[in-house]
Amino acid sequence: MAERTDCVCMNPPLHYEDFEIDPASDTFHDDANGGEITVERCRHCGTKWLRYFVEYPAFTSSGRWCRGVVTDEELAQLTTETVLPFLGDLPWHLYGGSYFKTTGKVGKGRLFP
């Protein structure tokens, strides 16, 4: 279980310039719901994050994202189909977007069907 720290990557609101895409992102592709799956690394502390983002252009305020800390061992076991259950089963994660009306909050549990 990843412990939260005082690093900017673990304390919303998040700033995209604090993250870089990890080469492990090549492992995943967009899922069947049109969601983008990426692996990002914090430029400050090096923490690796699994990020899921989806937006439905036909619907106002439908953008939503979730991100959770992930290890290389966990990444090796994940597939495109298991990313959402993995994020929902974490002890904590960060989430936000126009759908949730927030730029970021700490939460737990499944956010996506």
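Table for the structure above
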quantity	calculated
Residue count, the stretch 70-86 (criterion: open to solvent by 50 Å² or more (accessible area, probe 1.4 Å) and part of a helix (DSSP H, G or I))	7
Any hit, the stretch 104-113, residues being farther than 18 Å from Val39 by Cβ, assigned to a loop (DSSP other than H, G, I, E, B), without any contact (Cβ under 8 Å) to a residue 12 or more places away in the chain and open to solvent by 30 Å² or more (accessible area, probe 1.4 Å)	yes
Filter result (of a type in the set (Val, Ile, Thr) and either in contact with a strand residue (DSSP E or B) (Cβ under 8 Å, 6 or more places away or on another chain) or part of a helix (DSSP H, G or I) (or both)) within the stretch 2-22	Val8, Ile21
Selected residue (criterion: nearest to Ala2 (Cα to Cα)) from residues of the stretch 81-99 that are touching a Ser or Thr at 6+ places or on another chain (Cβ under 9 Å) and hydroxyl-bearing (Ser, Thr, Tyr)	Tyr95
Meets criteria (over 16 Å from Thr5 (Cα atoms), in a strand (DSSP E or B) and in contact with a strand residue (DSSP E or B) (Cβ under 6 Å, 6 or more places away or on another chain)) for Tyr52	yes
Some residue of the stretch 87-98 being open to solvent by 30 Å² or more (accessible area, probe 1.4 Å) and in contact with a Phe, Trp or Tyr (Cβ under 7 Å, 6 or more places away or on another chain)	yes
Residues being polar (S, T, N, Q), open to solvent by less than 30 Å² (accessible area, probe 1.4 Å) and touching a residue at least 40 places away in the same chain (Cβ under 8 Å) - total across the stretch 1-58	1
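The values are calculated or read from the model by the stated rules, or taken from the named source; none is laboratory data. As the structure is a computational prediction, the values presented were derived from the model and not from experiment. Methodologically, a virtual Cβ is constructed for each residue, glycine included, from the backbone with ideal geometry; neighbour enumeration extends over all protein chains shown. Please note that ligands, DNA and RNA were not included when accessible areas were found on the heavy atoms of the full protein model with its side chains. Shrake-Rupley method; radii C 1.70, N 1.55, O 1.52, S 1.80 Å.
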